[in-house]
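Rule-based calculations on the coordinates, nothing more; no lab input. Here the structure is a predicted model, which means the values were calculated and not measured. So basically every Cβ, Gly included, is an ideal-geometry build from the backbone, and we count neighbours across all protein chains shown.
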Amino acid sequence: MDKVHVNVIGLGYIGLPTAMMMAAHGVQVVGTDLNKELVATLQNGSMTFQENGIDDLYEAAVKAGIQFTTEYQNAEVYIVSVPTPYNKHNKHIDPSYVISAVKTILDICEKGTVIVVESTVSPGTMDKYIRPLLVERKLTVGTDIHLVHAPERIIPGNMIQELLNNSRTIGADCPEIGEQIKALYQSFCKAEIEVTDIRTAEMTKVVENTYRDINIAFANELLKICRSSGMNINEIIRIANKHPRVNILSPGPGVGGHCISVDPWFLVGDYPELTRIIRLARETNDSMPGYVLERISSLMKDLNMTDFSRVGFYGLTYKENVDDVRESPTLQLIDKMNSYLAETPKTYDPMVSTTIVPNQYHDFDQFMDDIDLMVIMVHHSHLDNNLAKITKKVIFDTRNCRLPWDNSNTVSLL
Ligand code: SAJ
């Protein structure tokens, strides 16, 4: 096996764009994923998910010679970008995918290799789970194999721009290796890259997402307070945010995705006695699908609707203009409803082409014909391009879409 420069392990929402970005900027990259179907799709000329500008990046990377395979390669640098879920019972990280990837790398790599973990991990994961894998094989960290943690910061929906322009953090045991990996990311990243130690990089990443989760939870709590006393949360946040040191995020139907709704749990799991605010923020955000459901039920009473057969949910993804449904508020809401409804409610999402729940429509016109009340769970751009089709329906808007008409049929979550 010829030695390649970089082998990216895990071709999901983060690993794939990162691999393609490096390749498109002249780095020799092979992308590896154990999912044969996914690799076959990439090999056959198609992208595996939707994202602004991703098709052009794919084309550029293929032109530059990126390879996709199910096999781990002999490489100088490995970038591990596999999922890190949390154990829903004890809230600790489930590091099994990272462990398994690093074990496979150690089976084939040569001395001097750098293993970069990009997956978000709980602080201490590299020490607790990854270093011991090297010790077991009598390898010396820092001499035989180098470990690096280089968490990503890109936001789905604007990944390409953020890959190019967001600053990054590289955590390494020794500054020389940190600088070497910094230079690799500088092949495409135009922003500042901080080199620090591994523990700091691990914690910084989790802190960033936890900060956002707490800010959104604050907005959601304010929403509940304002609703209970007839105050307009939207107006209050708008005005409060004019203060130069206030920036409150937006309330909504819940916090989904594989990042913000997961990473704070790592801290709760590891520091249960020290994480009161973080836990409460998670619980507040997790309560939002139930809150939306209560509001829908009271709206249905007002409308004399006795069942959910003419209610439709627009949006299955965790946020606007992405096709990722992981931890989506709509799926959480459907889960709750399925515990007492005979039939799964009707849903439609222009970004989700596969059927993931019963009663999911793929034709918007048909969906609109079959419902009287549409609950907007996600504000995809598709909605703005189809406004004429929704004017005659009652709309329950959980996303403050600011639909461009004075529609007395629109009820807001806010
Ligand atoms: N949401 C709100 N109100 C808001 C903003 C978001 O309810 O004001 C909801 C969204 O609808 C969604 C969830 O929160 O359901 C998360 O969406 P998001 O856009 O806030 O963040 P993600 O999960 O797409 O990406 C985050 C980003 N982290 C930060 O901004 C600190 C991104 O930069 C990270 O790279 C990413 O997590 C990650 O992979 O960790």
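For the ranges 325-331, 165-171, 78-84, what's the packing order if you count other beta-carbon atoms within 10 Å of each residue, average per peptide, and put the highest first? It would help to have the intermediate numbers written out before the result.
Values: 325-331: 22.7, 165-171: 19.1, 78-84: 24.6.
Peptide ranking by packing, descending: 78-84, 325-331, 165-171.
Kindly work out what percent of the DSSP beta bridges joining two residues of the chain are antiparallel, to the nearest 5. Each step should come with its number before you reach the end.
Details: 3 of 45 bridges.
Around 5 percent antiparallel, to the nearest 5.
Direction-averaged shadow area of the convex hull around the Cα atoms of segment 236-334, nm²? Provide the component values of the computation, followed by the final result.
Values: hull surface 35.8 nm².
With every direction weighted equally, the projected area is 8.9 nm².
Give the peptides 67-76, 9-18 in descending order of average Cβ contacts within 10 Å, highest first. Before the final figure, lay out each step's value.
Values: 67-76: 18.1, 9-18: 25.3.
Listed from highest to lowest mean packing, they are 9-18, 67-76.
Say the cut-off is 18 Å between C-alpha atoms; which of 103/138; 319/393; 301/393; 3/111; 346/393; 3/36 go over it?
Values: 103/138 13 Å; 319/393 23 Å; 301/393 16 Å; 3/111 13 Å; 346/393 15 Å; 3/36 22 Å.
Over 18 Å apart, Cα to Cα: 319/393; 3/36.
Cα centroids of segment 341-399 and segment 1-69: how far apart, whole angstrom?
Each part's Cα centre sits 33 Å from the other's.
All other residues with a Cβ under 15 Å from the Cβ of residue 264 taken together, and with Lys, Arg as +1 and Asp, Glu as -1, what is their net charge? Walk me through the numbers before you get to the answer.
On the way: positive: 88, 91, 205, 212, 276, 279, 282; negative: 202, 208, 213, 263, 270, 283, 286, 327.
Neighbour charge sum, excluding residue 264 itself: -1.
Provide Rg and Dmax in Å for the chain, with only Cα atoms included in the calculation.
In Å, with Rg to one decimal and Dmax whole: 23.1, 72.
If Lys and Arg each add +1 and Asp and Glu each add -1, what is the summed charge of the other residues whose beta carbon sits under 15 Å from the beta carbon of residue 91? Please list the in-between numbers first.
Numbers: positive: 88, 276, 279, 282; negative: 94, 213, 263, 270, 273, 283, 286, 327.
Once all neighbours under 15 Å are counted, the net charge is -4.
Sticking with the crude label model, points 7 Å out along Cα→Cβ, report the distance from residue 52 to residue 5 in nm, one decimal please.
Distance between the two pseudo-spin positions: 2.8 nm.
If I build a Gaussian network model for the chain, linking alpha-carbon pairs within less than 10 angstrom, which residue out of 388, 183, 60 has the largest mean-square fluctuation?
Its mean-square fluctuation being the largest, the pick is 388.
Which values of log₁₀ I(q)/I(0), to two decimal places, follow from the Debye formula for segment 149-194 at q = 0.15, 0.28 Å⁻¹ with a uniform point scatterer at every Cα?
Those come out to -0.35, -1.00, one per q.
Using the Cα centre of segment 1-77 as the reference point, and only Cβ charges (+1 on K/R, -1 on D/E), how large is the resulting charge dipole? Debye, rounded to the nearest 20.
Values: 3 positive and 9 negative charges, 26 e Å.
About 120 debye.
Sorting 276, 399, 131 on the 10 Å Cβ count, fewest up front, what's the list?
On the way: 276 10, 399 22, 131 18.
Least to most surrounded, the residues fall as 276, 131, 399.
About the Cα centre, and with charges only on the beta carbon of Lys, Arg (+1) and Asp, Glu (-1), how big is the dipole of the chain? Nearest 20 debye, please.
Values: 38 positive and 52 negative charges, 197 e Å.
That gives the chain a dipole magnitude of about 940 debye.
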